[in-house]
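A short write-up of the structure that comes next.
The values are calculated or read from the model by the stated rules, or taken from the named source; none is laboratory data. Bear in mind the structure is a predicted one, so any value in this text is a computation, not a measurement. Cβ: placed from backbone, ideal geometry, glycine included. Neighbour counts: every protein chain shown.
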Amino acid sequence: MDNLNTHFPGAITETFGENKGKRMLSRIEFHHTPKHASWLNIAEIEINAMDIECRGKRFKSFKDLENNVMAWQKRRNKKKTKIKWTFTRENADLKLSKYYTT
């Protein structure tokens, strides 16, 4: 998981209450990525792009799905698709400052 404030034990107990939260947390093991793990963002962006570009298609079988995903990947790689980062540190500070602890 990334380090979003909802990905911590306190968020679970706050959302579900002390008793249910503790029961849920007893079954969860958190593994956080480093704070500067931009690879996770890239993976999420790629999955979202694939979802958008392939949405609405029906697949006859798992193999058909697999072939379509591979074709999508080849097209994307051939075009050398890049990710243009537009969310700056300043944007993050404005948007997320209410979650920062001082």
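Among the residues of segment 63-82, those identified as free of Cβ contacts under 8 Å to residues at least 12 places away in the same chain and not polar (S, T, N, Q) are K63, D64, L65, E66, M70, A71, K74, R75, K78, K79, K80, K82. Out of segment 48-82, which residues are among the basic types (K, R), loosely packed, with under 10 Cβ neighbours inside 10 Å and assigned to a helix (DSSP H, G or I)? K63, K78 - these are the residues of segment 48-82 that are among the basic types (K, R), loosely packed, with under 10 Cβ neighbours inside 10 Å and assigned to a helix (DSSP H, G or I). One residue is enough: does segment 83-102 have a residue meeting the conditions of a type in the set (F, W, Y), modelled with pLDDT of 85 or more, out of contact with any His (no Cβ under 9 Å at 6 or more places or on another chain) and surrounded by 10 or more Cβ atoms within 10 Å (Cβ to Cβ)? No, the conditions are met nowhere in segment 83-102.
Among the residues of segment 1-54, just one is touching an Asp or Glu at 6+ places or on another chain (Cβ under 8 Å) and at pLDDT 90 or above, namely G21.
Filtering segment 83-102 to residues that are under 18 Å from I42 (Cα atoms) and either part of a loop (DSSP other than H, G, I, E, B) or in contact (Cβ under 8 Å) with a residue 12 or more places away in the chain (or both) leaves I83, K84, W85, T86, F87, T88.
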